[in-house]
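Report on the following structure.
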Amino acid sequence: PPPAEKYEYQAEVSRLMDLIVNSLYSNKEVFLRELISNASDALDKLRYLSVTDPQLSKDAVDLDIRIQTDKDNGIITITDSGIGMTRQELVDCLGTIAQSGTAKFLKAVKESKDAGTDNNLIGQFGVGFYSAFLVSDKVVVSTKSPKSDKQYVWEGEANASSYTIREETNPENLIPRGTRLTLYLKRDDKGFAHPERIQKLVKNYSQFVSFPIYTWQEKGITKEVEVDEDPAEAKEADQDEKIEKKKTKKVVERYWDWELTNETQPIWLRNPKEVTTEEYNEFYKKTFNEYSDPLASSHFTTEGEVEFRSVLYVPATSPMGRDDITNPKTKNIRLYVKRVFISDDFDGELFPRYLSFVKGVVDSNDLPLNVSREILQESRIVRIMRKRLVRKTFDMILGISMSENKGDYETFWENFGKHLKLGCIEDRENHKRLAPLLRFFSSQSEDEMISLDEYVENMKAEQKDIYYLAADSVSSARNTPFLERLLEKDLEVLYLVDPIDEVAIQSLKSYKEKNFVDISKEDLDLGDKNEEKEKVTKEEFSRTCDWIKKRLGEKVANVQISNRLSSSPCVLVSGKFGWSANMERLMKAQTV
Ligand code: ADP
Ligand code: MG
């Protein structure tokens, strides 16, 4: 055979390797994700091209990926039966940067930075093949394209400026089609060659790659084998019995075999009509280590401008012992790109903080495999995804609120009501969706919370506003003098007993064109003013007011005659533009 030919890497390749090694050193295991994703791409390509050129898949081998480990020598081999590479393709794909997706990625990033444009172009690119050198001293790629009758071997070493290509001559290494990568691991990274470790990584990163991934695993099978009897015992034993009952013992026979390591049909790729609630719940519990079923789930696909699939869940419990509103690191959303697991660290980019309790998977066809927080934050695609995800979440919550099982929404509200109130403060755009989901106690419903719709339905014909009163509990709300006149007139008042309630309501400002009105503020107008009478009373009591103001001095801003009380002699109110007593209490609590 002709000798191996030596090729110099394109100058940028070394620069790129440096970049990958330096930016990913703390996350070395991504090499496996990248190589599996290349294998999966090669299988996709073969499948796609053989539609028009059946000759390409004339070698009837299964489309799959097989990963074998040799832990004693620190070697990993990854074999796919995909499209493979010709000699020229080896040079173009693995020797120059021009063909590598990574280069396109770098170029696209640079161009979009220079042009100041949105860089959603970079959708098709990954960190790539060179990530193999994160863990390897030497990488050997033996590959057979259906377009060529020869198999070629590419061989490269870490930190070298050249690589070689030769023909495969060892008959043991011949494959009918596809690519076999052999990684000779660095001394400190040989641990990756443990079969269990690889299995775990495959499960974690590529559980839902749509081709089967097999790993080479040691198995045990228990067998019963006959054992020779102790001659001393045999003498004592009865002759007949001995013939009937031969002594046996259990032994475990060890052997190695391929084991399917991923599930090839992820639940979100299936037709929602064909997935049962039990299956959704099972997936939820397995994926998020939950014990109880979720309160609701939503499975949807969007096509057109942005393509992604998602299964979302509203949990039935909130994490105990920690406030997850202030903890954005919930690992509740698993992001996949083209079925390859990317990260569960991006919930903050895909969901607003107040919806951080939502769990689920999101699988995008439009994002790059090496997607980073920065890319997500700048991407127009992500903005569209985020909008859809939020809407679907509201639909899901609304569904719970309309469920026949009333307890479901109570459970939801108890766990996540605070989150929605935070949403009122932080997400103006969705006020219309948030407001109908809120629940409060009221002067006419002290034991069961009501919705704003129920309040509005119960409004008096002449009533224009929605009345509320902030207090620290239902019983203290019930006992305030502010209520007297309203109760007398049979007007319902919402009791805002959660500290965040008042700020949330103030952010909403109105509901169905009815303003929220704080009945503890000074200019409460119940639409029953008798100005003549008020004027007379004011004059009559003006000296009394002056005297009281003098006695109280700086403690109050003003002393006034009011028409809002019926049995109490006086009440302390807040100024129209000042804080309510409740807010004042909150502010004090915060500054202490
Ligand atoms: P990308 O996958 O983004 O194109 P990579 O650096 O991962 O970039 O791979 C570079 C190129 O090498 C691929 O585009 C592909 O043409 C080729 N390649 C890599 N791995 C394989 C494989 N297992 N089978 C066939 N071709 C491969
Ligand atoms: Mg790749």
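The values are calculated or read from the model by the stated rules, or taken from the named source; none is laboratory data. All of these numbers come straight from a predicted model, not from anything done at the bench. Methodologically, a virtual Cβ is constructed for each residue, glycine included, from the backbone with ideal geometry; neighbour enumeration extends over all protein chains shown.
Observations on the structure shown:
- Residue within the range 121-130 that is in contact with a strand residue (DSSP E or B) (Cβ under 6 Å, 6 or more places away or on another chain) and either farther than 30 Å from Leu376 by Cα or buried (at least 16 other Cβ atoms within 10 Å of the Cβ) (or both) present: no
- The range 110-163 - residue that is more than 16 Å from ligand 2 (Cβ to nearest atom) and aromatic (Phe, Trp, Tyr) and, of those, modelled with the highest pLDDT: Tyr152
- Residues within the range 462-481 that are over 41 Å from the mean Cα position of the chain (by Cα) and within 17 Å of Asn515 (Cβ to Cβ), tallied: 3
- If the condition is being under 10 Å from the mean Cα position of the chain (by Cα) and either without any contact (Cβ under 8 Å) to a residue 12 or more places away in the chain or more than 21 Å from Glu303 (Cβ to Cβ) (or both), then the range 358-384 contributes Val358, Lys359.
- Filter result for the condition that a residue is surrounded by 15 or more Cβ atoms within 10 Å (Cβ to Cβ), in contact (Cβ under 8 Å) with a residue 60 or more places away in the chain and over 21 Å from the mean Cα position of the chain (by Cα), over Phe416, Phe440: Phe440
The rows are residues; the columns are (1) in contact with a helix residue (DSSP H, G or I) (Cβ under 6 Å, 6 or more places away or on another chain); (2) within 30 Å of Leu437 (Cα to Cα).
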residue	(1), (2)
Leu496	yes, yes
Asn515	no, yes
Ser520	yes, yes
Lys533	no, no
Gly553	no, no
Gln560	no, no
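- Within the range 71-93, the set of residues being near ligand 1 (Cβ under 6 Å from one of its atoms) and farther than 17 Å from Ile175 by Cα comprises just one member, Cys93.
- Within the range 256-277, being among the aromatic types (Phe, Trp, Tyr) and either modelled with pLDDT under 90 or not in a strand (DSSP E or B) (or both) holds for one residue alone: Trp268.
- Among the residues listed as Thr330, Thr317, the single one being of a type in the set (Val, Ile, Thr), part of a loop (DSSP other than H, G, I, E, B) and buried (at least 17 other Cβ atoms within 10 Å of the Cβ): Thr330
- Among the candidates Thr69, Thr86, the residue that is more than 13 Å from ligand 2 (Cβ to nearest atom), surrounded by fewer than 23 Cβ atoms within 10 Å (Cβ to Cβ) and modelled with pLDDT of 95 or more is uniquely Thr86.
- Checking the stated criteria, Ser100 turns out to be modelled with pLDDT under 85, closer than 23 Å to Lys147 by Cα and within 10 Å of ligand 1 (Cβ to nearest atom).
- Selection of the range 167-186 for residues being farther than 13 Å from Ile78 by Cα and in a loop (DSSP other than H, G, I, E, B) yields Glu168, Thr169, Asn170, Leu174, Pro176, Arg177, Lys186.
- Residues that are within 28 Å of Asn370 (Cβ to Cβ) and not in a strand (DSSP E or B) within the range 131-166 comprise Ser131, Ala132, Phe133, Leu134, Val135, Ser145, Ala158, Asn159, Ala160, Ser161, listed in sequence order.
- Matching residues in the range 369-417 - criterion: being farther than 28 Å from Arg33 by Cα and of a type in the set (Val, Ile, Thr): Val390, Thr393, Ile397, Ile400, Thr411
- Members of the range 515-536 that are under 37 Å from the mean Cα position of the chain (by Cα) and either exposed (fewer than 13 other Cβ atoms within 10 Å of the Cβ) or farther than 16 Å from Cys424 by Cβ (or both): Asn515
- Of the criteria (1) closer than 30 Å to Ile65 by Cβ; (2) of a type outside the set (Lys, Arg); (3) modelled with pLDDT of 80 or more, which one Gln207 fails: (3)
- Residue within the range 533-541 that is at pLDDT below 90 and closer than 30 Å to Tyr354 by Cβ present: no
- Counted residues, the range 363-379 - those being under 13 Å from Val30 (Cβ atoms) and more than 15 Å from ligand 1 (Cβ to nearest atom): 1
- Those helices (runs of 4 or more DSSP H) of the range 355-469 in which at least 2 residues are of a type in the set (A, V, I, L, M) and under 30 Å from Arg339 (Cβ atoms), considering only elements entirely within it, cover 373-378, 380-401.
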